[in-house]
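Here is the structure we will look at.
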There are 2 protein chains.
Amino acid sequence: MTELSLVAALAKRLPRIGDDCAIVRHGDEDLLFTTDLLVEDVHFRRTERTAADVGYRALARSLSDIAAMGGDPRWATVALALPPWATERWVAGFYRGLLSLAARHKTEIVGGDFSRAPVLIADVMVCGTVPTGQALRRDRARPGDLIYVSGPLGRGKWRFVPRLALGRQLRALGATSCMDLSDGLSLDLHRLTLASRVSAELNTLPLARGASLEEGFHRGEDYELLFTLPASVKPPRGAHAVGKVTRGKVGRVTYNGVLVTPDGHDHFRSQPQPDPRTA
Amino acid sequence: MTELSLVAALAKRLPRIGDDCAIVRHGDEDLLFTTDLLVEDVHFRRTERTAADVGYRALARSLSDIAAMGGDPRWATVALALPPWATERWVAGFYRGLLSLAARHKTEIVGGDFSRAPVLIADVMVCGTVPTGQALRRDRARPGDLIYVSGPLGRGKWRFVPRLALGRQLRALGATSCMDLSDGLSLDLHRLTLASRVSAELNTLPLARGASLEEGFHRGEDYELLFTLPASVKPPRGAHAVGKVTRGKVGRVTYNGVLVTPDGHDHFRSQPQPDPRTA
């Protein structure tokens, strides 16, 4: 069972799964909910990461989802399942990394839970807010829109910076769609075009130093934003135009005329990272 | 490291950990946040529980926290780490159990995440609402209040019914404190008296059929509500008066004059349940 098929099966009953965050109305704002698991030997190896690095990234991934919706992160809960090797000192380091990032983005840690487990597992839920009806989504890209990414791809940093300021800026600019690149451009853009019921024609790709085109397309965890803007809108500084939204077969992505297959990083299916990010 | 010491250490920086839920103001209501881990071989053995039973309980524990605050559960996220034995059929069963309970309590599942792991781990976050400033807390019990539990103790059912209706009723009655009995009366009442800076004198305990006094005091996971009311307030139907709040050494609990030690169920420290609930 792949993550895609599992999510597709669940999406039938859980209509809000499928975007980066769920959007719900509450009072005079919308609330955004997202949750992300970080699992030892799936997402990291303990010998290769400091406790603070693990804590930082556990929160950063959920913040990136909030960024992709143009929201402000507000509150987070942290559930931590601890294996025998995780000392009190390790847990303190984990929170140090997590809290430093939380403070930078004004996110308050409001609760948590602990348990034992054979491997370390962190689940971080973030609840954010966004003005009513203004959350960025992945299902509103329109033919004629231009497609952008927020930075070079293929060499995601472990301690990446969630693009929260950019997300807010894109909301103000009226971006027609947005998501974060967690699973690789090929898979994530496929999802965006499926949700928006459009095709995408790419003609260039900004690559991180040392990254191959293959890595730029298929390697996950860049955590840059992928977004679309009407052709008339001037993009934010630093955005890279990579192609355009077209009519045509729903979900189809091409690169200079060649079909791009959605071979991105599926966390459910994938093995422990063979090539951990050291940047 | 025990859960108590870990939470105590974290509570220094995370002021809102320590109640059943975190309370935050948003718009014209307060939001309640709680998250609970359910871990294979810590909280259940897969040979002894159906998938639907595991899904039911994963949500029920978080709903019980919302009940203890007098709130209404509204939205939930479900993070699921799946070991190789967990088939698509198992996951469907898990969601069937979880969604049946969610529907009964009008809780919308708004998001989730999946990963692989060596054992099954579910983390369920529930966000609820409560009228501003009216959440029940554990730190407001006053000397002279009477102490109640909502049902007989010592034989918690696996598929317990979260006491949401009672929680709302207690809020309307002006209960001075409330929490859910997840870790055993001895430990939970110790926490309540610590938070409220009072003592407690118990003189009776309603025991479930077949439960010993020892189990009534120390066995966790009854998920009844423990609460205090001013002596002038008529308790809700079905409540059992068990004693009274007194001045005296903070955190001290006695039963007919004998000191009760806080030896409840600590999920972090404890071994897999030697005596799983079959009720």
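Could we say that A:Ala135 is in a strand (DSSP E or B), touching a residue at least 12 places away in the same chain (Cβ under 8 Å), surrounded by 24 or more Cβ atoms within 10 Å (Cβ to Cβ) and in contact with a strand residue (DSSP E or B) (Cβ under 8 Å, 6 or more places away or on another chain) here?
no
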Enumeration of residues in the range A:110-119 that are surrounded by fewer than 24 Cβ atoms within 10 Å (Cβ to Cβ) and either more than 10 Å from chain B (Cβ to nearest Cβ) or touching a helix residue (DSSP H, G or I) at 6+ places or on another chain (Cβ under 9 Å) (or both) = A:Phe114, A:Ser115
Residue tally, condition crowded, with 19+ Cβ neighbours inside 10 Å and either free of Cβ contacts under 8 Å to residues at least 60 places away in the same chain or touching a helix residue (DSSP H, G or I) at 6+ places or on another chain (Cβ under 6 Å) (or both), over the range B:69-89 = 12
Restrict the check to the range A:48-65 and report whether at least one residue is facing another protein chain (nearest Cβ under 7 Å) and over 20 Å from B:Arg74 (Cβ atoms).
-> no
Qualifying residues in the range A:200-252 (those that are among the charged types (D, E, K, R) and buried (at least 22 other Cβ atoms within 10 Å of the Cβ)) - the one farthest from the chain's Cα centre (by Cα) | A:Arg219
Look through B:Lys106, B:Lys157 and report the one residue that is charged (D, E, K, R), out of contact with any Gly (no Cβ under 7 Å at 6 or more places or on another chain) and within 14 Å of chain A (Cβ to nearest Cβ).
-> B:Lys106
Look at B:Gly216 and say whether it is in contact (Cβ under 8 Å) with a residue 40 or more places away in the chain and over 20 Å from B:Pro262 (Cα atoms).
-> no
Condition check for B:Asp123: more than 21 Å from the chain's Cα centre (by Cα), assigned to a strand (DSSP E or B), among the acidic types (Asp, Glu) and facing chain A (nearest Cβ under 9 Å) = no
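Read-outs throughout are calculated quantities, based only on the coordinates presented, and are distinct from any laboratory measurement. Worth saying up front: this structure is predicted, and the values here are computed from it rather than measured. Positions of Cβ are generated from backbone atoms using ideal geometry, with glycine treated the same way; all protein chains shown enter the neighbour counts.
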